[in-house]
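Here the structure comes first, spelled out in structure tokens, and everything after it is commentary.
The values are calculated or read from the model by the stated rules, or taken from the named source; none is laboratory data. Keep in mind that this is a model prediction, so the values were computed, not measured. Ideal geometry is used to build each Cβ from the backbone, glycine not excepted, and the neighbour counts take in all protein chains shown. The accessibility values were calculated without ligands, DNA or RNA, using every heavy atom of the protein model including side chains. Shrake-Rupley method; radii C 1.70, N 1.55, O 1.52, S 1.80 Å.
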Amino acid sequence: MFKGSIVALVTPFKAGKIDEDKLRQLVDFQIKNGTSGIVPSGTTGESATLTFEEHEKVIELVVSQVKKRVPVIAGTGSNSTEEAIMLTKQAARLGADASLQVSPYYNRPTQRGLYAHFKAIADAVNIPIILYNIASRTGVNIEPETIEKLVSDCKNIVGVKEASGNLEQMSRVKALCGEKFVLLSGDDALTLPVLAIGGTGIISVVANIIPKDVSDMVTAFSKGDLKKAKNLHYKMLPLVKAMFIETNPIPVKTAMGLLKMCGPDLRLPMCSMVPENVEKLKKELKKYGLLS
């Protein structure tokens with residue numbers, strides 16, 4: 001169920017509000033181009049600056065537009081366990097197929113605290129849960145042994161989005177948690193290596209603008225066409241690098257604005273790119289054939 005190219009969808013804004021029409025269009029664009037799952041209200045969707053009402057609205061709109069064509073994995077994490085439970089229950093009521101749970105940020109809990117946090121959320125809902133490990137943004141790594149214990153004790157914790165950048169750690173997660181455990185790349189530059197160690201796909205930022213190529217790469221690998229998968233990996237790599245020249249989702253939102261896919265609007269403390277980085281981004285978009 002959780003495999004292939006899954007997009008970490010941006011939240012389009014217009015005049016300070018969610019651009020609901022554009023959000024629906026983006027959902028259809030993704031599905032039309034082979035995306036096999038959608039993550040609304042994740043960190044790429046600027047979840048940290050959405051109100052509770054907006055958070056609910058984004059998930060509701062995406063679920064209603066998807067119409068069960070692909071899984072919807074709602075970003076419902078928080079650094080407050082009680083808040084994460086509330087958001088996850090809400091997503092389940094709205095019809096989300098699963099929840100993406102980022103590790104608590106700023107608090108920097110111990111491994112024991114991480115276990116208690118995720119177990120409390122898993123015990124409170126029935127939908128599948130995918131952990132999100134990104135120590136560069138949260139300040140704490142979810143150790144493989146902690147994931148193993150969670151998987152053993154919580155039947156609905158089914159996978160992890162791994163953005164540690166550490167392939168050895170990801171290999172240990174797979175070894176400890178078994179073949180059925182879902183390993184998703186959380187880093188566009190490492191999708192192909194993650195697939196090679198048993199990953200099933202990617203929760204992708206760059207798929208916001210090139211969904212077909214990301215989907216084709218994962219599909220090619222799954223079919224054993226390693227040459228095609230490798231060629232697509234190297235084709236995308238410079239553009240992927242450009243997506244992270246400033247903090248995500250600043251570059252991808254800027255790119256989508258340049259490509260007239262949605263407004264480039266961000267919410268503070270996210271701000272517009274410095275001019276020299278905009279030029280670097282334009283250069284890569286042109287090289288890729290996306291911008292004339």
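General observations
- Those trypsin sites (Lys or Arg not before Pro) in segment 86-165 that DSSP places in a loop and that have at most 12 other beta carbons within 10 Å: LYS155
- Between ASP123 and ALA135, the distance separating the two model label sites (each 7 Å from Cα on the Cα→Cβ line) works out to 2.7 nm.
- Segment 1-53: C-alpha gyration tensor shape, a/c 1.5 cut-off, then a/b vs b/c: oblate
- Across GLU276, GLU145, GLU60, mean-square fluctuation computed from a Gaussian network of the chain (C-alpha pairs under 10 Å connected) peaks at GLU276.
- The Cα center of segment 78-156 and the Cα center of segment 218-282 differ in position by 27 Å.
- Rounded to the nearest 20 debye, dipole of segment 76-119 from Cβ charges on Lys, Arg, Asp, Glu: 140 debye
- Quarter of the Cα convex hull surface for segment 115-240, i.e. its orientation-mean projected area (nm²): 8.0 nm²
- Net charge of Cβ neighbours under 15 Å - reference LYS287; Lys, Arg +1; Asp, Glu -1: +3
- Take every pair of alpha-carbon atoms less than 8 Å apart whose residues are at least six positions apart; their mean separation over the length of the chain yields a relative contact order of 18 percent.
- Whole-Hz couplings from phi, Karplus 6.51/-1.76/1.60, listed for segment 22-39; x for Gly and Pro: 5, 4, 5, 5, 5, 4, 5, 4, 5, 5, 4, 9, x, 5, 9, x, 10, 10
- For segment 223-229, Karplus couplings with θ = phi - 60° (6.51, -1.76, 1.60), whole Hz, Gly/Pro x: 8, x, 8, 5, 4, 5, 4
- Kirkwood Rh in Å, taken over the chain so that all alpha-carbon pairs contribute: 18.9 Å
- Of the trypsin sites (Lys or Arg not before Pro) found in segment 203-273, those that fall in a DSSP loop while having at most 11 other beta-carbon atoms within 10 Å are LYS223, LYS260.
- Among residues other than GLY16 with Cβ under 9 Å from its Cβ, the summed charge is +2 (Lys and Arg +1, Asp and Glu -1).
- Taking every protein chain into account, the accessible area of the chain amounts to 44 square angstrom per residue (probe 1.4 Å).
- Fraction of accessible area attributable to carbon and sulfur, segment 148-292 (%, probe 1.4 Å): 56 percent
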